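Take a look at the structure below.
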Amino acid sequence: MSLLDVRDLSVVFQRRGERPFTAVDKVSFSVEPGQTVGLVGESGCGKSVTSLAIMGLLPRRGNKVTGEVNFDGADLLKLRPDDMRDRRGRDIGMIFQDPLSSLNPVVPIGVQVAEVLERHRGMDRKVAMKEARELLDAVGIPDPMRRLKEYPHQISGGMRQRALIAIALACKPRLLIADEPTTALDVTIQAQILTLLKQLVDETGTALIMITHDLGVVAGLCDTVNVLYGGKVVERAERHELFARPRHPYTHGLLNSVPRLDSPRGERLHAIRGSVADNIPWVEGCAFAPRCDNVVDACLEGTPPLEPTATGGDLRCNNPVSEEVAVP
Amino acid sequence: MSDPITRPTVGTPRESVDSSAVEEKREGTLPRGIDRLGERKRARLEQLAQATADKGGVSLLRDAFRRLRRNPTAIVGASIVALFVLVAIFAPLLAPHDPAQRFDELTKNLTVDSIPGASSEFPFGSDPLGRDFLSRMIHGSRQTLFVGVLATLIGLALGVLIGAIAGAFGGWVDNILMRVTDVMLALPALLLAISLVAMASRSSQWTVILAVAIVNVPIFARLLRGSMLAQRESDHVLAARALGVKQGSIVLRHMLPNAMTAVIVQATLTLSTAILEAASLSFLGLGDPDINRAEWGLMLGVDGQRYFEVRPELAYYPAIAIIVVALGFTLLGEGMREAIDPKSRR
């Protein structure tokens, strides 16, 4: 049985006097225990909203969340707020994008780590601080005794992200959601953080949902990848399959736009035409059609269905990239 | 950000180590010298490690305090405030005479059109009742400080309570509380204070304090509510919610402390307006009716006004005292605002 099973999750932002906006449109995916699943897509495709909806962290007003989020036999969307609060941090941890603004600036690191231990594991402050020291040590923060007493602005960005990971993993959650955990960091630190995440996931058996726009992160970490476009999953495949034979023109375009060391000098980087703003509503056709090189008439006649592929993935496309013109 | 304080301490031991090592080589045998040199090197490494370790981190407050000390206007403000507080605390020791006692030397020269001026025993001269004016001025500082601080603290407490509730709950609670503060803000401060004092059956020191406090409540409430709402949307509050932290701890540990800085700065600035408002109420005759109590606003309002043509100093001294003290608090408050405000950080 899957650890997390998201079924037809939709999030509609509805403000009074404005047209409703569907940020996440019937997204389904599942995560097995210990598995790492990637949610990939460009800005505005609904990655972060999906994660916030799973965590029940969207504002109470102004949006409608429908579908099912089955975690460990319970539908998280139907839980009472108190029960959900008990699960957050204990069963599901979350790591955010910006490590500086995600830490409370006026509370020392140690207290912030201890807080979640006190909350979910009923430790008193003394025991929690001791445990916090070990956690900071485990995520590779040097001299943890000293860091416990320091404030977020006094430590480096990489260390802050490590501290956030320590906090998220403090209660040994079974699922960890990482929302672009490396975006605010420079490349060397990114690599360190990703290695750390990989190592912790392997050690603890925590399942990981990796939300990112960076295909490099996906390549190094994820078992399965869901590619999102305009709030819908357009392609789902096992990692090697996706990188070797991307079928959806969007995925293909994304992979082509990654700079490669072995490409000829002076060659222009491939880009996907247009921007996310040039899309059409899914009810009218394929949202990616205006930017697609493979567009056919069927693309403008209703939503293409998400159909299983021969290689065990799923694909939502009328005219997929043939396997022969795959990425070199 | 290199720390200018640790630099010199890092530099000096190196020189001393070098010079002593050279001396060692010159006089002693070579192997012993090298051995000692290694030892010293190790000692110095330890010393350096110590220096960086000791530096540790500075908390937000200490950081703000350091910036405050570099700001000359804040220093001036702080000096004025410190002097004022010291005078108020040690008033009975500093005042040469009892402020309520009428002196025969002064009363015998007292007529309708002449009030004794400065003499060696009474540097500020007499007040219209033959009391020592300097002693009354010094004792007046206590009253001013007491009223100002207490009024600000009460206003701060009530304002923080209202603002925190409004900012934490939002929705209709916020709406109701903010409409009430709107009503209070719509009235001019002094007019509101006068009406509040007038409502009391008998005016006393406490009616003044309460009136000034209540006038300042909506300012604090508004300010705190605004920054609480901003905090509610902040990433670290979202992160805390993602950890399942309870609502109460989120408000008290994650939102309130981050929202308080603006309010604390406002409190310093409010101290000066509270002093001015309390003085204004006394000036208008709405303060403490006890004529023996020395109070700057009252001295300025009653004696200063009535005898302005006979002895203008009776008005000048209290007026100058009020202005300088209010200025001191304002300068200090502005300095604090600059020091704490992260946007002005260089």
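At a glance:
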quantity	calculated
Candidates A:L9, A:L103, filtered to the one that is surrounded by 15 or more Cβ atoms within 10 Å (Cβ to Cβ) and under 23 Å from A:K232 (Cα atoms)	A:L9
So A:A163, is it in a helix (DSSP H, G or I), in the same structural domain as A:R88 (by the TED database), surrounded by fewer than 20 Cβ atoms within 10 Å (Cβ to Cβ) and hydrophobic (A, V, I, L, M, F, W, C)	no
Options B:A239, B:A267: the member that is farther than 20 Å from A:P99 by Cβ and either at pLDDT 85 or above or small (G, A, S) (or both)	B:A267
Residue that is nearest to A:A138 (Cα to Cα) [pool: residues in the range A:204-236 that are of a type in the set (D, E, K, R) and touching a residue at least 60 places away in the same chain (Cβ under 8 Å)]	A:D223
Test result for B:R253, within 13 Å of another protein chain (Cβ to nearest Cβ), out of contact with any Cys (no Cβ under 8 Å at 6 or more places or on another chain) and at pLDDT below 90	yes
Options A:G56, A:G46: the member that is buried (at least 17 other Cβ atoms within 10 Å of the Cβ), closer than 22 Å to B:L238 by Cα and in contact with a Gly (Cβ under 7 Å, 6 or more places away or on another chain)	A:G46
Pick from the range B:280-302, criterion of a type outside the set (K, R) and within 16 Å of B:I138 (Cβ to Cβ), ranking: farthest from the chain's Cα centre (by Cα)	B:N292
Given (1) assigned to a loop (DSSP other than H, G, I, E, B); (2) under 19 Å from B:A267 (Cβ atoms), index of the condition B:A193 fails	(1)
Residues that are more than 11 Å from B:Y317 (Cβ to Cβ), in a loop (DSSP other than H, G, I, E, B) and in contact with a Ser or Thr (Cβ under 9 Å, 6 or more places away or on another chain), drawn from the range B:120-146	B:F122, B:L129, B:G130
Subset tally (residues that are more than 9 Å from every other protein chain (Cβ to nearest Cβ) and assigned to a loop (DSSP other than H, G, I, E, B)) for the range A:78-90	2
Residue among A:H252, A:H240, A:H248 that is at negative phi and surrounded by fewer than 19 Cβ atoms within 10 Å (Cβ to Cβ)	A:H240
Residue identified as within 9 Å of another protein chain (Cβ to nearest Cβ) and not in a helix (DSSP H, G or I) among A:P99, A:P105, A:P142	A:P105
Any hit, the range B:114-128, residues being farther than 30 Å from B:L86 by Cβ and over 27 Å from the mean Cα position of the chain (by Cα)	yes
Residue in the range A:189-204 that is assigned to a loop (DSSP other than H, G, I, E, B) and more than 21 Å from A:A23 (Cα to Cα) present	no
Residue that is nearest to the other protein chains (Cβ to nearest Cβ), among those in the range B:257-271 that are in contact with a helix residue (DSSP H, G or I) (Cβ under 6 Å, 6 or more places away or on another chain) and of a type in the set (A, V, I, L, M, F, W, C)	B:A259
Any hit, the range A:113-134, residues being within 14 Å of another protein chain (Cβ to nearest Cβ), of a type outside the set (K, R), free of Cβ contacts under 8 Å to residues at least 24 places away in the same chain and on the phi > 0 side of the Ramachandran plot	yes
Those residues of the range B:196-221 which are surrounded by fewer than 20 Cβ atoms within 10 Å (Cβ to Cβ) and at pLDDT 90 or above, in sequence order	B:L210, B:I214
Restricting the range A:283-328 to residues that are closer than 16 Å to A:N226 by Cβ and modelled with pLDDT under 85, the residue that is surrounded by the fewest Cβ atoms within 10 Å (Cβ to Cβ)	A:G312
Some residue of the range A:220-230 being of a type in the set (A, V, I, L, M), over 16 Å from the mean Cα position of the chain (by Cα) and modelled with pLDDT under 90	no
Residues of the range A:243-272 that turn out to be more than 17 Å from A:C299 (Cα to Cα) and part of a loop (DSSP other than H, G, I, E, B), as a count	18
Hits in the range A:43-67 (condition: over 17 Å from A:L175 (Cα atoms), modelled with pLDDT of 85 or more and touching a Lys or Arg at 6+ places or on another chain (Cβ under 7 Å))	A:G67
Among the candidates B:G167, B:G163, residue that is in a helix (DSSP H, G or I), at pLDDT 90 or above, crowded, with 20+ Cβ neighbours inside 10 Å and not β-branched (V, I, T)	B:G163
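Condition check ((1) out of contact with any helix residue (DSSP H, G or I) (no Cβ under 8 Å at 6 or more places or on another chain); (2) within 19 Å of A:V37 (Cβ to Cβ)) across all residues:
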site	(1), (2)
A:L242	no, yes
A:P259	yes, no
A:G266	yes, no
A:P281	yes, no
A:N319	no, no
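The values are calculated or read from the model by the stated rules, or taken from the named source; none is laboratory data. This is a predicted model, so every value here is computed, not measured. Reconstructed Cβ throughout: ideal geometry from the backbone, glycine too, with neighbour counts over all protein chains shown.
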